[in-house]
Amino acid sequence: MSRGILYRRCAIALVASAMVVSAAAHHSTAEFDYTKQQTLKGTVKEVQWTNPHSYIQLLVPGKGKQPVEWAVEIGSPSINIAMGWKKNSVKAGDMVTMLISPARNGSPLGTLRTLTFADGRELKGIAGRARPVPPSPAKGK
Amino acid sequence: MRRSGLLLLAVFALQLSACGSKSSDAPAARTPDDLLGIWVPDAAPRELTADGAPPPLNEDAAAVHAKHKQRYAAGDAGYDPTTWCAGPGLPRILTMPYPFEIRRSGEHLAFIHGWYRWFRAVDLDGPEPQPQIPTTLGFPVGRFEGDTLVIRTVGLTDTTVLDASGLPHSDQLILTERLRVLPDGRLEDRMTFEDPDTFTRTWETVLTFHRDPAARVTDDVCPDRLAKGEPAERLPAKGGPDATAGPAPAKAATLSASTAPAMAPAPRLTGMWEAKTFGIFVPEAEAKFNTAGKELFDRNAAAMKSGHIMQTAWTSCRPGAVSTMTMSREAILALETPEEITILYEMPRMVRRIRMGAGHPKDLAPSYVGDSIGRWEGDTLVVDSIGFNGYAELGAGGQPTSPQLHTVERFTPAADGSYDIEVTITDPQYYSEPVKLKRGWKKKAARHPLEYDCMENPREEDYKSSYYVREQYRPVCMRVAGKGMELSKMVCELPKE
């Protein structure tokens, strides 16, 4: 099975099941609201290129003096490599725009749909791959 | 490549039968197969040396090492991922007081480590690897020079340390190991470190290992030690590293002229595989719940629907063998000898050992991996497993299991060279009738499995909003976000007695 089909099946599964499990299949991602999208613009503070999930810590200017630190889940190293990322694709200090689906509990936490660099280059996140597709009676297997 | 592998096997078979014909008191000629079997470290050095002298660190790396030593002196060994059960890396894992076993089949030779299910698959017949992603144990390629196994490893991540003292390295490190059995019967691993980003010159160190008939390589689950308030790395008992006790291994292969490998059946499962399907949901199980099973499942489902992450044995990095039957991912490496089929799973990381033609022992200590025995019925491999500890869920929905769990896997070859697998799961504590699943393996072209280092990054955010299927799954170490511009750090809070 090609990766593409695999992810499509996973996307179908995401919609088909009330119990949402991320493509990384480590834990449920019921914490994120995939029906919502939010754009964050800021500076990368830290990249955690790690299992079971990788994260980008992003400093986003807020209303106060201090920027708000967002944690954005970006998948797992093996999945990201398959999606065209490299370990050093994103580095501390990079200015980026991130389209995310936020956490349901309102904390500064989200899962990446698309990351855009200042020069327009884009990287897709796993949530971007699992973009809603028409509901299907097929079960994820 | 496969043909050359078979040719090599035939050559070794001839060598072995030649050895077998010698009188027992004459020193047998060394063969590459002398490396196989269980080895116990002679010492578990905290600090590697270059022939007794400090390794030739450059100025920056020396500063990093000095900082690690200061942290250690202050009671903080958090520079070493081993302390929170993440991957030790190389050669750190060989400096730990745990036995390891070297097994070989087909084009792979595998180190099966006694610490937390790690294994290293050495490709004996492949091209120079082009790693896309660095891993803790890298991408080893081996070749025999006489009776010496030379392993060259590239693609090592810079997030590990070379030893417990925190000796740093970069991801440019090339580690070359020369392994041979010494005249006194010990195993020598002479290592050469080339890493211009860290060291001012190439340097060498030597680790040695011995045989111990009592040593066993058993299923080791590091987070269970942390949960009990014990250190991740059990320090050696008095008198040197103690071998992990465990059930006796399958009887060692003793080759007589009549059972030389040339006569043995051709390995069928040997090689790299991957799951045919991606199954993290197990709806088949949900239809078979009894009242107790349904009750537990509904409780888990309610917690998930309220927006919690559900932490199961899998997500808390201690999956049971049944998870490899229901929701295996990524690479699977099978090593096969007439006595044992060893299956090394990338995700969830696990070593399953299937003793062929054996029976289940009478007194079986319950474990995550259970006890697996196998037999061939024509072309079909039948694997029967019992002896589980009940700490495993069948799928991502948290379908429970108990120590009464009994599984039967039937691996049947398909016309396209893949295997269809029928799994029958019986557990009367939670299911009213057997759960039957269809899974499969197909050949994988990759020469090395990647790594699933489940304990690498346990983040506070994840675990704070979690629902724990069992209280034991609650993590001891978590990555805590740094305040302001401070970076995140790992903090372990051992449970108070």
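Values in this text are rule-based calculations from the coordinates and carry no lab data. Here the structure is a predicted model, which means the values were calculated and not measured. We place every Cβ from the backbone using ideal geometry, glycine too, and count neighbours over all the protein chains shown.
Which residues does a label at B:Ala53 reach in the range B:189-232, if reach means a backbone N under 12 Å from a point 7 Å past the Cα toward the Cβ?
Output list for this probe position: B:200-204.
Identify all aspartates and glutamates with a Cα-Cα distance to B:Lys69 below 14 Å; exclude those on the same chain that are fewer than 8 residues away in sequence.
B:Glu47, B:Asp80, B:Asp163
How far apart, in nanometres, would the label points at A:Thr39 and B:Arg178 be if each is projected 7 angstrom from Cα along the Cα-to-Cβ direction?
For the pair A:Thr39/B:Arg178, the computed spacing is 6.1 nm.
Mind checking the mean number of beta-carbon atoms from other chains within 10 Å of the Cβ atoms in B:449-459? Please list the in-between numbers first.
On the way: counts 0, 4, 3, 7, 5, 3, 3, 9, 9, 2, 8.
Mean number of neighbouring Cβ atoms from other chains: 5.
Can you give me the relative contact order of chain B as a percent, contacts being Cα pairs under 8 Å and 6 or more apart? Let's see the in-between values first.
Values: 1106 pairs, mean separation 72.9, N = 497.
Relative contact order for chain B comes out at 15 percent.
Quick one: what are the phi-derived ³J(HN,Hα) couplings along the range B:190-196, Karplus 6.51/-1.76/1.60 with θ = phi - 60°, whole Hz, x for glycine and proline?
8, 10, 10, 9, 10, 7, x
Per residue of A:58-69, count partner chain C-beta atoms within 10 Å of its C-beta, then hand back the mean as an integer. The partial results should precede the final answer.
Details: counts 0, 2, 0, 0, 0, 0, 0, 0, 1, 2, 0, 5.
Mean shielding by partner chains, rounded to a whole number: 1.
Based on DSSP H runs of at least 4 residues, each adding -39500 (n - 2.57), what is the mean residue ellipticity at 222 nm of chain B after dividing by all its residues, to the nearest 500 deg cm²/dmol? Intermediate values should be presented prior to the final figure.
Working: 7 runs with 70 residues, N = 497.
Calculated at 222 nm, the ellipticity per residue is -4000 deg cm²/dmol.
Under 13 Å between alpha carbons, and skipping anything fewer than 8 positions from A:Lys124 in its own chain: which aspartates and glutamates qualify?
A:Glu73
So how much slack lies between B:Arg216 and B:His406, counting 0.36 nm per residue of separation and subtracting their Cα-Cα distance, in nm? List each step's numbers first, then the result.
On the way: separation 190, 0.36 × 190 = 68.40 nm, distance 2.44 nm.
Once the chain is fully extended between B:Arg216 and B:His406, it gains 66.0 nm.
Which distance in nm do the two modelled labels at B:Arg299 and B:Ala74 give, with both placed 7 Å along the Cα-to-Cβ direction?
If labels sit at B:Arg299 and B:Ala74, their model points lie 4.3 nm apart.
Quick check on my link table: of A:Lys36/B:Lys483; B:Lys67/B:Lys228; B:Lys464/B:Lys489; B:Lys276/B:Lys443; B:Lys67/B:Lys483; A:Lys36/B:Lys464, which ones sit more than 19 Å apart, alpha carbon to alpha carbon? Before the final figure, lay out the partial values.
Details: A:Lys36/B:Lys483 28 Å; B:Lys67/B:Lys228 30 Å; B:Lys464/B:Lys489 16 Å; B:Lys276/B:Lys443 9 Å; B:Lys67/B:Lys483 21 Å; A:Lys36/B:Lys464 22 Å.
Checking Cα-Cα distances, A:Lys36/B:Lys483; B:Lys67/B:Lys228; B:Lys67/B:Lys483; A:Lys36/B:Lys464 exceed 19 Å.
Is there a simple number for the mean count of other chain Cβ atoms within 10 Å of the Cβ of residues in B:393-399, and what is it?
Numbers: counts 0, 0, 2, 11, 5, 2, 0.
If you average over the peptide's residues, the count of other-chain Cβ atoms is 3.
Label A:Ala82 and B:Asp125 with points 7 Å out from Cα along Cα→Cβ: what is the distance between them in nm?
2.7 nm
To the nearest 0.05, what FRET efficiency results for B:Asp363 and A:Asp119 with a Förster distance of 60 Å applied to their C-beta separation?
Working: r = 66 Å, r/R0 = 1.10.
About 0.35, to the nearest 0.05.
Helix by helix through chain B, keep the DSSP H runs that span 24 Å or more along the axis on Cα and average at least 0.5 on Kyte-Doolittle, and give those back in order. Before the final figure, lay out the partial values.
On the way: long enough: B:2-20 (27 Å, 1.20).
What comes out of the filter, once short or polar helices are dropped, is B:2-20.
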